[in-house]
Amino acid sequence: MAWVMVNDLDYLAARLHGRRSQVAEAERLDALCRLRTIPELTRAIFPHAEFQTCAEFQRGALEDLLLELSHSPRYLDAVGSDLLAWMLVRFQVENMKVLLRGFMDHTPLEEVREHLVSLPEALGLEAPALLAAETLERFVDRLPMGMPRKALRVALGTYRDLPRPFFLEAALDRGYFHELLERAGRLSGEDKDVVTPIIDQEVNTFQLMLVVRGRFCYGLTPEWLLPLHIRWCGIPTERFNAMLVASDLRMAATFALGRAIDTLPTEHESGETSVAFDAAELEALAWKRFLRLANRAFRRSHLGLGAILGYVGIRRVEVANLITLSEGIRAGVAPEVIRARLIPRHDQEVTHV
């Protein structure tokens with residue numbers, strides 16, 4: 001992708017408005033679901049690439065997004081540039097998680113590398129040194145300075161007797177979101193009005209899934225999960241505590257209405273029994289809300305920072321859908337089943353509360 005060096009927000013916004021029309025969504029997603037091989041999917045999305053495997057396609061989709069976004073901060077003012085530059089750290093944090101799992105599972109370097117996204121030099125990680133660390137503490141010492149490393153160091157103390165990947169990966173996310181909220185807090189005026197809801201939604205989704213997966217999937221106690229809560233966002237401590245002690249998943253999700261999800265899924269009828277909704281349905285609803293807010297920012301801001309960050313959100317959902325789609329094709333799943341798993345889901349019947 002060729003980029004012209006122009007320090008001009010209007011130029012970038014206009015360019016992204018043009019790119020917006022190429023995003024894979026709606027009817028185009030329907031058509032992509034009917035493809036049966038990864039090379040076919042590659043030709044439809046990346047005509048000049050030659051990805052043969054699902055892993056290659058997924059890595060290519062992530063790196064394409066990273067490349068596109070890495071050129072954007074130069075067009076923005078200092079506050080907008082700092083915020084978007086930190087959003088690129090999300091890719092680095094995901095690589096940190098891959099390396100952390102590899103370290104804890106003693107996975108060989110070459111196998112770990114297959115799951116790493118290629119990062120710009122400024123975001124690079126020393127994979128061999130990290131995997132060769134003698135202890136978790138040494139692993140943390142070899143991470144780049146910043147909030148993710150700081151949060152992970154704190155987690156090593158908090159969860160010393162239970163150093164599970166769930167807690168440590170969540171701590172990396174918490175550190176990332178701490179800095180994201182800090183930078184978003186420097187926005188003002190219209191930028192703040194249209195961008196803050198997108199940022200808050202991502203953070204609240206993280207907190208919702210802490211409860212859903214930690215409490216209801218892994219059976220972790222509220223005492224273990226509470227240190228991962230982000231107190232200064234849209235789910236305050238009292239509400240988060242209520243979610244942690246809720247009697248069931250549906251009750252916990254009710255406390256997230258209007259903050260992480262817009263609606264609750266309907267419990268499905270199966271014969272004479274009612275099958276409760278699961279974690280995947282709640283996560284899909286949270287990302288559906290994220291997409292709605294990103295689209296709203298893109299429309300309302302038009303040529304402002306909201307258009308840029310709204311586009312970033314739209315593209316992130318597109319990439320998530322492409323990854324899900326590629327997994328479905330690899331597994332030979334029927335097109336209608338793949339389509340039902342994409343965001344927004346076609347089969348989500350919801351009940352408003």
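The numbers here are math on the coordinates, done by the rules we state, and not lab data. None of these values were measured; they are calculated from a predicted model. Cβ: placed from backbone, ideal geometry, glycine included. Neighbour counts: every protein chain shown.
So here's what we get for this one:
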item: Whichever aspartates and glutamates have a C-alpha closer than 12 Å to that of K150, once near sequence neighbours (fewer than 8 apart) are set aside; result: E137, D141, D173, E179
item: Local electrostatic count, T254, Cβ distance below 12 Å [Lys/Arg +1, Asp/Glu -1]; result: +2
item: Kirkwood Rh (inverse of mean 1/r, distinct Cα pairs), segment 3-103, angstrom; result: 15.9 Å
item: Two-decimal Rg to Rh for segment 61-172 - Kirkwood Rh, Cα set; result: 1.00
item: The chain: equivalent-ellipsoid semi-axes (sqrt of 5 x gyration tensor eigenvalues, Cα, Å); result: 28, 27, 24
item: Cut-off 19 Å, label 7 Å out along Cα→Cβ of R101, residues of segment 157-180 by amide N; result: 163-176
item: Filtered GluC sites (Glu not before Pro), segment 47-96: DSSP coil and at most 16 other beta carbons within 10 Å; result: E50
item: Net charge over other residues, Cβ less than 12 angstrom from the Cβ of T324 (K, R count +1; D, E count -1); result: +1
item: Cut-off under 5 Å, modelled amide H: who pairs with L264 long-range; result: T351, V353
item: Counted charge near M147, where neighbours are those whose Cβ lies closer than 9 Å (Asp, Glu -1; Lys, Arg +1); result: +1
item: Listed residues V140, V317, V337, most fluctuating in the chain (Gaussian network, C-alpha, under 10 Å); result: V337
item: Chain lengthening between D82 and R330 when straightened (0.36 nm per residue, less Cα-Cα); result: 85.5 nm
item: Estimated Rh, segment 42-101: Kirkwood, alpha-carbon pairs, angstrom; result: 13.2 Å
item: Volume in Å³ per residue [convex hull over Cα atoms, computed for segment 225-340]; result: 153 Å³
item: Helix runs (DSSP H) in the chain reaching 20 Å along axis by Cα, Kyte-Doolittle at least -1.0; result: 54-70, 78-105, 165-184, 189-209, 279-301, 305-331
item: Two-site FRET efficiency, A122 against R239, from Cβ-Cβ distance with R₀ of 41 Å, rounded to 0.05; result: 0.65
item: Projected-area average for segment 78-142 over all orientations - Cα convex hull basis, square nanometres; result: 4.7 nm²
item: Residue-span extension gain [A133 to D278] - 0.36 nm each, minus C-alpha spacing; result: 48.4 nm
item: Given 13 as the ceiling on other Cβ atoms within 10 Å, longest exposed-site-free region of the chain for trypsin sites (Lys or Arg not before Pro) in DSSP loops; result: 37-159
item: Geometric extent, Cα atoms of segment 151-307 - Rg, Dmax (angstrom); result: 16.9, 54
